[in-house]
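K.L.:
Handing you a structure now.
The values are calculated or read from the model by the stated rules, or taken from the named source; none is laboratory data. All figures in this text were calculated on a predicted structure; none of them were measured in a lab. Positions of Cβ are backbone-derived with ideal geometry, glycine not excepted, and every protein chain shown enters the neighbour counts.
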């Protein structure tokens, strides 16, 4: 399918500005590269409504006593469920819309994360032996807030952060060259990355070239992370999943940082539709 964002995913972009101000909409839509899309489908399995979100257990895992669990934020239901089925994982999907701060507020009480796990285990009659977190765009705000709790951080095996690590500009606007960014929202990512580099956790961070204008882009935050970690992403040019063009990467231990081309809404959605492949990378500690 050529160059068209999925109809049920793109509207979420209009609510996806991750912090306090709505982003400046990109005037760009390029038509040279295909923007491939997964076909929407209802994957066979068991679905249970939770107090917050929906639990999905793929049909192939029904006989398993202990299975891995993925929390995924801001990706709808069917696509994360498809990714979970392809990677033999149960999934809790949470889609509330809004900005990153909206997702973060869901977990201001650190007990809520564990309560959700207990509720999912009670309704499914199974134990979840390994827990992973994932977020796309504004959904990364929930991942950030969960990881800020030491107990929650210890419970999480790894995290997949798809084009969604943002923060504010210190002066409220970008600089002419290198902007000053508020790093208080980035410290937990630094901790996660260091632990993944030491193979204590697993982490994948991706970014695009989208420039929101009213808050720091995922490129700026990725550059900050790399600088703090003293990593030097390698400039490359090769095809990525779903027809994306990969521009840079760096891998140390179980930490992987990937940069992709594109500064428009379809490029942002490309990364979400790559979730099944990226989730496989996360679990196997491999990459492109």
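K.L.:
Given the criterion in contact with a helix residue (DSSP H, G or I) (Cβ under 8 Å, 6 or more places away or on another chain) and without any contact (Cβ under 8 Å) to a residue 24 or more places away in the chain, identify the matching residue among 232, 268, 273.
P.N.:
Of 232, 268, 273, the one residue that is in contact with a helix residue (DSSP H, G or I) (Cβ under 8 Å, 6 or more places away or on another chain) and without any contact (Cβ under 8 Å) to a residue 24 or more places away in the chain is 232.
K.L.:
Of the residues 206, 286, 214, which single one is in contact with a strand residue (DSSP E or B) (Cβ under 6 Å, 6 or more places away or on another chain) and either at pLDDT below 95 or buried (at least 20 other Cβ atoms within 10 Å of the Cβ) (or both)?
P.N.:
Every option except 206 fails the conditions.
K.L.:
Against the definition (within 22 Å of residue 277 (Cβ to Cβ) and part of a loop (DSSP other than H, G, I, E, B)), how does residue 97 come out, yes or no?
P.N.:
no
K.L.:
I need the full set of residues from the range 146-173 which are outside any strand (DSSP E or B), in contact with a helix residue (DSSP H, G or I) (Cβ under 8 Å, 6 or more places away or on another chain) and over 16 Å from residue 70 (Cα atoms), in order please.
P.N.:
148, 149, 151, 163, 164, 165, 166, 168
K.L.:
Shifting gears a bit: Suppose we keep only residues that are under 14 Å from the mean Cα position of the chain (by Cα) and under 21 Å from residue 212 (Cβ atoms) within the range 100-133. Which one would you say is surrounded by the most Cβ atoms within 10 Å (Cβ to Cβ)?
P.N.:
Residue satisfying both the conditions and the ranking: 100.
K.L.:
Do any residues in the range 157-179 that are free of Cβ contacts under 8 Å to residues at least 24 places away in the same chain have Cβ atoms under 7 Å from those of residues that are not in a loop (DSSP other than H, G, I, E, B), where the two are at least six apart or on different chains, and which pairs are they?
P.N.:
Listed pairs, sorted by first residue: 170/181.
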